[in-house]
Each structure stands twice: as C-alpha cells, then as structure tokens.
Amino acid sequence: MCLPVVVVEGEKLELTNLSKVMWPEENITKADFIDYCVRIAPYILPHLKDRPLVFTRYPDGIYGKAFYQKNVPDYAPDWLMTYDEEINDGNRRKLVRYVLIKDLKSLVWAANQASLEMHPWLSRAGTIDHPDFVVFDLDPMENTGFEDARQLALALKRLLEMEGLKGFPKTSGATGLQVYVPVEARYTYRQVRTFAEFFCRVLEKTFPEKATTERSIKDRRGKVYLDYLQNVKGKTLIAPYSPRPLAEATVSAPVTWDELESGAVPSMFKIRNMAERLEKMGDLFRGVLEEKQRIDRRLQ
C-alpha cells in the first residue's frame with residue numbers, strides 16, 4: 001500500500017493511519033491531530049526547542065494501549081536531533097537518547113508517531129543542570145477539583161507578587177493547574193526546588209483544609225497536592241498546548257490571571273478551538289521564555 005508522503009522543510013515524511021480515530025467522542029482523527037500540530041507549531045515549538053522530551057504515545061487512540069517513550073526509536077530519521085543523558089538504573093548506568101523537537105518537521109514526525117502528549121524537561125540541552133523556570137504543580141486529589149486548585153493558584157500569585165515575581169498559569173488539561181515562574185538559567189534544580197517548597201509550605205499552612213505537600217497518596221484525600229518535587233532534573237510536565245487523552249480532547253492551555261479570576265475551566269480549551277485562540281491572543285506563555293527573574297532572596 002502506498003503511504004501518503006509529505007515534504008516538510010526539505011525532508012520526506014510518510015504519514016500512516018491518517019483515518020485512525022484518536023478521540024472518538026470528538027471524532028478527531030490522526031490526520032486532524034497532525035493538522036493541529038502544524039497549526040500551533042509557531043507557538044509550541046519555542047517551548048519545546050532544545051528540551052529533552054518524553055512522549056506518551058497512543059497508536060490506537062486514547063482508549064487503546066498507551067506507552068511512554070524516552071528513547072528515540074531505531075527507525076527515527078537520521079536528521080532527528082537527540083540529547084544523550086546517562087542515568088542510574090539500579091546498580092548500573094545506562095544511556096537514554098531523548099528526542100529534541102526543534103522544528104516543524106520533527107514536530108510532524110512526532111505527531112505521526114501518535115505522540116498525543118509531549119512532556120519536556122524544565123531545562124535545555126545547553127544548560128541541562130539549570131532549569132529555566134520553577135514549576136508549581138497544583139494537583140487535585142480525590143474529593144477535590146479544579147476550583148480548589150484555581151483558588152490556591154490565585155493565592156500563590158499574590159505571594160509571588162509580594163516577592164516582586166511574575167508567575168504564568170496554565171491548565172493541565174485535566175483537573176489541575178500549573179504555575180511557571182521563569183528564572184535565569186543559573187540556579188540548580190536543588191535551589192529551584194527549595195524555592196518552590198517554601199511557597200508550597202506557606203500555602204499549606206495558610207489553607208490547611210485545602211492544600212497539602214503530603215507525599216503519601218492516601219493522606220492527600222480531600223486536598224490539592226502541591227508538588228514541589230516536580231522541580232527535579234529529568235522530571236517533566238505536560239507542554240503548553242499539548243493535548244490530553246481525555247474524551248473532550250482538552251489541551252494544556254496557558255491562561256491569563258484575569259481569565260482565572262473570572263472562572264476559566266479546563267473544558268474551555270480544546271483541540272477544536274486552541275488554534276483559533278492562539279491566532280487571536282498569541283502565546284500567553286511567551287513570558288515564560290522571555291522573563292529572566294532572580295530568586296536569590298529566598299535562597300539565602
């Protein structure tokens with residue numbers, strides 16, 4: 001069978017299973033997903049560039065078997081850029097070869113692998129030990145929801161403003177929220193983790209009925225988990241504008257603080273409307289790349 005071939009930035013790509021339905025409820029096919037990635041490329045690529053990536057692949061759609069992929073597959077094209085990292089695996093060291101998505105052709109290649117979720121590192125290949133931002137991951141546990149995370153995110157905003165710092169919120173695409181605080185790429189992961197822990201502990205003490213930093217899952221019930229431990233080398237978060245494997249085909253969407261104040265919810269931001277939103281509003285997460293803040297005060 002002859003597969004469709006497209007030429008992207010001078011490279012030929014064979015596209016497979018284009019009629020496969022990825023999100024049945026929304027009737028979004030693999031072709032639709034690839035088209036979505038092409039449309040949002042100018043906005044998502046700056047957030048992926050030079051960052052090692054972990055994919056979650058769904059070759060048979062969101063209800064089929066899924067798997068994480070760290071290592072670049074053997075059949076990847078020669079032009080695909082990678083980043084090699086040696087990691088501890090029990091009592092031995094092993095090499096992981098991560099994909100780097102630097103351009104449209106590599107993004108289309110990843111989309112054709114049914115990489116519905118893209119999870120980039122917090123640091124770039126050139127400054128791999130120094131993250132570009134501190135992340136606050138507000139993750140609702142059982143018997144809580146997005147509204148609880150929203151209220152805590154707004155409280156975090158006020159705390160950051162007291163420190164003269166800017167934070168940029170985005171929905172996780174599911175029930176949670178993430179706030180990114182961009183920093184100069186001069187701090188270690190330990191330092192940004194210490195910074196995040198300080199503010200998470202303040203929120204926990206201020207809202208003990210709503211927030212927790214408890215690591216035991218059974219003890220988080222009824223509260224929002226403030227996961228400052230996301231600030232670890234090799235940890236990843238869902239990329240802005242990356243879809244989620246949920247029935248409504250929601251997307252991890254940057255939002256303004258005003259939208260969050262006004263009651264924005266994750267279900268408002270989907271594959272079906274995100275490209276139009278970006279064309280209208282631009283990249284609301286641009287400041288995460290452009291702001292270079294110092295956090296020395298809380299590290300002393």
**Request:** May I ask for the equivalent-ellipsoid semi-axes of region 40-163, computed as the square root of five times each C-alpha gyration tensor eigenvalue and listed largest first in whole Å?
**Result:** 29, 20, 17
**Asked** What is the helix-to-structure angle for 146-162, meaning the angle in degrees between its Cα long axis and the longest Cα principal axis of the chain, kept from 0 to 90 and rounded to the nearest 10?
**Response** 60 degrees
**Asked** Looking only at Cα atoms, what is the convex hull volume of region 129-206 per residue, in Å³?
**Response** 97 Å³
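Send over the Kirkwood Rh of region 9-75, from the inverse of the averaged 1/r over different Cα pairs, rounded to one decimal Å.
13.8 Å is the Kirkwood radius here.
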**Computed accessible area, Lys235, all protein chains, 1.4 angstrom probe, square angstrom** = 90 Å²
**Request:** State, to one decimal in nm, how far the label point of Thr188 lies from the label point of Asp84, with both points 7 Å from Cα in the Cβ direction.
**Result:** 2.6 nm
**Message:** Through the Karplus equation 6.51 cos²θ - 1.76 cosθ + 1.60, θ set to phi - 60°, convert the phi angles of region 163-171 into ³J(HN,Hα) values in whole Hz; use x for Gly and Pro.
**Reply:** 8, x, 10, 9, x, 10, x, 8, 6
**Message:** With an 8 Å Cα cut-off and a minimum separation of 6 or more residues, compute the relative contact order for region 238-300 in percent.
**Reply:** 28 percent
**Request:** Could you order peptides 176-184, 71-79, 271-279 by the average number of other Cβ atoms within 10 Å of their residues, highest first?
**Result:** 176-184, 271-279, 71-79
**Request:** Would you mind checking the tilt of helix 30-48 against the longest principal axis of the Cα atoms of the chain, expressed as 0 to 90 degrees and rounded to 10?
**Result:** 50 degrees
**Request:** Kindly provide the pair-distance distribution of region 130-278 built from C-alpha pairs, with 5 Å bins from 0 and whole-percent values in order of increasing distance.
**Result:** 2, 10, 19, 23, 21, 15, 8, 2, 0
**Asked** Given C-alpha coordinates of region 57-120, what is the ratio Rg to Rh with the Kirkwood estimate of Rh?
**Response** 1.01
**Asked** Which value at 222 nm does the chain reach when only helices count, each DSSP H run of 4 or more adding -39,500 (n - 2.57), with the total divided by all residues and rounded to the nearest 500 deg cm²/dmol?
**Response** -8500 deg cm²/dmol
**Item:** region 162-192 versus region 69-128: alpha-carbon centroid distance in Å
**Value:** 23 Å
**Item:** lysines whose Cα lies under 27 Å from that of Lys210, excluding same-chain neighbours fewer than 8 positions away
**Value:** Lys157, Lys166, Lys170, Lys218, Lys223, Lys235
**Message:** Just to check I understand the Karplus step: with θ = phi - 60° and J = 6.51 cos²θ - 1.76 cosθ + 1.60, what whole-Hz values come out for region 219-231, glycine and proline as x?
**Reply:** 9, 9, 4, x, 9, 8, 7, 9, 9, 6, 6, 5, 8
**Item:** Cα-centre dipole for the chain with unit charges at Cβ (Lys and Arg positive, Asp and Glu negative), debye to 20
**Value:** 680 debye
**Request:** Normalise the Debye intensity by I(0) for the chain, one equal point scatterer per Cα, no solvent, then take log10 at q = 0.10 Å⁻¹ and round to two decimals.
**Result:** -0.55
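The values are calculated or read from the model by the stated rules, or taken from the named source; none is laboratory data. Quick caveat: nothing in here was measured; it's all calculated off a predicted structure. Ideal geometry is used to build each Cβ from the backbone, glycine not excepted, and the neighbour counts take in all protein chains shown. All accessible areas refer to the heavy atoms of the entire protein, side chains included, with ligands and DNA or RNA removed. Shrake-Rupley method; radii C 1.70, N 1.55, O 1.52, S 1.80 Å.
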